[in-house]
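Some notes on the structure that comes next.
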Amino acid sequence: MADLVLLHGFTQTGRSWQPIAHALAGRYRSLAPDLPGHGNFAERRPASFAACDAYLRVLAGGPFTLAGYSMGGRIALHAALSLGPLVERLVLIGASPGIADPAERAARAAADAALADRIEAIGIDAFVREWGAQALFAGMPRGVAELADEDRLRNTAPGLAAALRGLGTGVMPSLWERLGELAIPVDLVVGERDEKFRAIAERIEAGLPSARLHVVTGAGHPVHLEAPDAVTELLAG
């Protein structure tokens, strides 16, 4: 049975993938770990892209399909470029190759650092309320939003702050110029309502012959939460 590694987004845990992992049980051995700074992995290891690459190499052991959402998508893309033939297929959900402009990247790093300080100052409960109220998540069905918040509350404020400092968009090296190194199949998944990441996915597809863009009707940014059947079908393909 083939291995499938599923990487969650910032503020989530590996449990966010449970419905999809369960649905794919006959097709894959699914691994949905908590990433550094999150859940049971909150403070056990420094949060960095290099640490995540090493973790994934040990976790899967052999060749695997790698899927990631948002922050998990950034980590997945970095790992696919670092781990070579270990990653046989890449699925990016609402993800970005980073910020190409150095000044914009530095500004984002400063903003991420300030947000990390705020998380530590206000605590996990208040931060979860603020995070879920972002326009990025507007339109999420009520039940889905409540489950997402329950998952976020499995984290700690120090853990999320560490993840933001080590794995935020501002500290991620831009991978735009390295996309051409990917020879494996790449599926880009975005929600119809997620205009920002749909535009990013379209840019990736235009510059990467091996990429296929999938726009999920009616969904927003967290496609795997709002439309798990669509993501399951794509992963099973």
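The values are calculated or read from the model by the stated rules, or taken from the named source; none is laboratory data. Please read all numbers here as calculations on a predicted model, not as lab measurements. Here the Cβ positions follow ideal geometry from the backbone for every residue, glycine too, while neighbour counts run over all protein chains shown.
A few points about this structure:
- Filter result for ALA106 (under 22 Å from PRO36 (Cβ atoms), among the small types (Gly, Ala, Ser) and in contact (Cβ under 8 Å) with a residue 24 or more places away in the chain): no
- None of ALA126, ALA148, ALA199, ALA121 is touching a helix residue (DSSP H, G or I) at 6+ places or on another chain (Cβ under 7 Å) and modelled with pLDDT of 95 or more except ALA148.
- Test set (1) surrounded by 15 or more Cβ atoms within 10 Å (Cβ to Cβ); (2) closer than 30 Å to SER210 by Cβ; (3) modelled with pLDDT under 95 - MET140 fails condition number: (2)
- Qualifying residue in the stretch 2-12 (condition: polar (S, T, N, Q) and within 18 Å of LEU59 (Cα to Cα)): no
- Those residues of the stretch 191-237 which are in contact (Cβ under 8 Å) with a residue 60 or more places away in the chain and among the small types (Gly, Ala, Ser), in sequence order: GLY191, ALA201, GLY220, ALA236
- Residues satisfying the stated conditions in the stretch 100-120, i.e. among the basic types (Lys, Arg) and under 19 Å from the mean Cα position of the chain (by Cα): ARG105, ARG108
- Matching residues, the stretch 132-163, being within 13 Å of PRO222 (Cβ to Cβ), outside any loop (DSSP other than H, G, I, E, B), touching a Lys or Arg at 6+ places or on another chain (Cβ under 9 Å) and not charged (D, E, K, R): GLY132, LEU136
- Pick from the stretch 164-203, criterion assigned to a helix (DSSP H, G or I) and in contact with a strand residue (DSSP E or B) (Cβ under 6 Å, 6 or more places away or on another chain), ranking: nearest to ILE124 (Cα to Cα): PHE197
- Test: residue in the stretch 40-59 that is farther than 24 Å from HIS214 by Cβ and touching a strand residue (DSSP E or B) at 6+ places or on another chain (Cβ under 7 Å): yes
- Residues that are basic (Lys, Arg) and in contact with a Phe, Trp or Tyr (Cβ under 8 Å, 6 or more places away or on another chain), drawn from the stretch 98-130: ARG118
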